[in-house]
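Remarks on the structure that follows.
The values are calculated or read from the model by the stated rules, or taken from the named source; none is laboratory data. Nothing here was measured: the structure is a model prediction, and the numbers come from that model. Cβ placement follows ideal geometry from the backbone for every residue including glycine, while neighbour counts extend to all protein chains displayed. The accessibility values were calculated without ligands, DNA or RNA, using every heavy atom of the protein model including side chains. Shrake-Rupley method; radii C 1.70, N 1.55, O 1.52, S 1.80 Å.
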Amino acid sequence: MLGLSIACTLAAVAWIYLLAGHGGYWRTSQWLPRVAAEPDVWPDVVAVVPARNEAAMLPVTLPPLLGQDYPGSLAVIVVDDGSSDGTGQVAARIARPPGRPLRVIAGTRPPDGERWAGKVWAMAQGLAAAGPFAPGPDGYLLFTDADIAWETHHLRRLVAAAEGDDRDLVSQMALLRATARWERVVVPAFVYFFAQLYPFRRVNVPGSRTAAAAGGCMLVRRRALAGGLAPISDALIDDVAMGRMVKRQRGRTWLGLTRQVVSVRPYPGLASLWQMVARSAYTQLRYSPAVLAATLAGLLFLYLLPPAGAAIGLVALLAGGGEPGPAALAAGAGLAGWALMSLSYLPMLRLYGLSPLRAPGLPLIALLYAVMTADSARRHYAGRGAEWRGRTNRTRLPGFRPGRAGGDDGRCR
């Protein structure tokens, strides 16, 4: 019991640090900055939308993007990445407002001998196709996803914020769908854990070592892409890699939250959400068994130990016998840690319009994420790493050699 009480105390201290420090990751306080004045001259913007088997999504999401109330030049490029459902044809048939060019290009395989992750290669093809629209060095590329719906005025606000604060990358975490039962369980925690890994406030400090972005909404200044996307060609988590690339160039980046950029992709059951998490969790851990073990231990220590220690301590106190001090300490420290973690989850629940009564259930959600992370590693070693939208990336699998039969074809996952 003494060891348990010490462990629970250490977990409670860790939660005090996480709430008081660690970039205020839990506060959901990073929103698009207000600007005093809009630009006198609006820069050109080219939006790039990688799409694979998105025929159902594009009729919902492409018209709002084409219909942005943006005073400058806006062109949209859809990269049809080997779709089998007529994605390219659907995109080409979508009506566009006058003066809003829409170009649909068929994705190709990367050149022989070059190693590209699927989505990054699709983004690179969109970047290359942006040439005829000629965004100058002070223009922007907007990388967005096929499931992302844009509020009519939001691109205007995004560009104004980037111009007003001289940012080379402005990114926002799209508001994910959280209406189905399992979406309400998994989705807010997904954003919560992402913010814990990459505290937005630290990302937004110029020169800080913390770098990240959110792939559904990345507005990048053209000059920051002067070298193209080759530096992140093999990145499976393209948004974080993009943020790191821009910061390595001493670029100024900003990452925050929004309610005006929304993912409309449904995740009707646990299986689809499990796939969303497990496909890249082990990639995030850089395929390291040691980092995986440390991550799982950390999740259990921070999230499972406090409620377990509180329960064990309370049962020991009620049962009587023995020294009550360690049991009381375990119960008190466990309850304190549990209360602090629940408090940290309240702003995210509020963002998604969910009841605060869900907050004490965070330990069970963390346990679910631990199992999904372990399953991500299992899939990797079973030859199904980064499986997504009918394809499996094999570039990191044991024994894989580029060009080997059955490997990733380089297209967007």
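Things to note:
- For the stretch 63-76, a residue qualifies if it is touching a residue at least 40 places away in the same chain (Cβ under 8 Å) and either not in a loop (DSSP other than H, G, I, E, B) or not charged (D, E, K, R) (or both), and the qualifying residues are Pro64, Leu65, Gly67, Gln68, Tyr70, Pro71, Gly72, Ser73, Leu74, Ala75.
- For the stretch 62-93, a residue qualifies if it is more than 19 Å from Tyr140 (Cα to Cα), crowded, with 17+ Cβ neighbours inside 10 Å and not polar (S, T, N, Q), and the qualifying residues are Asp80, Asp81, Gly82, Gly88, Val90, Ala91.
- With respect to the conditions (1) in a helix (DSSP H, G or I); (2) over 17 Å from Ala7 (Cβ atoms), Leu300 lacks only one, and its number is (2).
- Residue satisfying all of: in the stretch 24-49; among the hydroxyl-bearing types (Ser, Thr, Tyr) and either at negative phi or part of a helix (DSSP H, G or I) (or both); surrounded by the fewest Cβ atoms within 10 Å (Cβ to Cβ) among these: Ser29
- Among (1) surrounded by 15 or more Cβ atoms within 10 Å (Cβ to Cβ); (2) part of a helix (DSSP H, G or I) - the single one Pro59 does not satisfy: (1)
- Looking across the stretch 223-266 at every residue that is part of a loop (DSSP other than H, G, I, E, B) and under 16 Å from the mean Cα position of the chain (by Cα), the one that is surrounded by the fewest Cβ atoms within 10 Å (Cβ to Cβ) is identified as Val264.
- Taking the stretch 201-216 as the range and being of a type in the set (Lys, Arg) and modelled with pLDDT of 95 or more as the test, the residues that pass are Arg201, Arg202.
- Selection over the stretch 97-109 of residues that are part of a loop (DSSP other than H, G, I, E, B), at negative phi and either at pLDDT 90 or above or loosely packed, with under 14 Cβ neighbours inside 10 Å (or both) gives a count of 6.
- Candidates Ala162, Ala214, filtered to the one that is crowded, with 21+ Cβ neighbours inside 10 Å, touching a residue at least 40 places away in the same chain (Cβ under 8 Å), touching a Leu at 6+ places or on another chain (Cβ under 9 Å) and in a helix (DSSP H, G or I): Ala162
- Residue within the stretch 186-196 that is touching a residue at least 40 places away in the same chain (Cβ under 8 Å), in a loop (DSSP other than H, G, I, E, B) and surrounded by fewer than 17 Cβ atoms within 10 Å (Cβ to Cβ) present: no
- Of the residues in the stretch 10-23, at least one is open to solvent by less than 30 Å² (accessible area, probe 1.4 Å), free of Cβ contacts under 8 Å to residues at least 12 places away in the same chain, more than 24 Å from Gly313 (Cα to Cα) and not in a helix (DSSP H, G or I).
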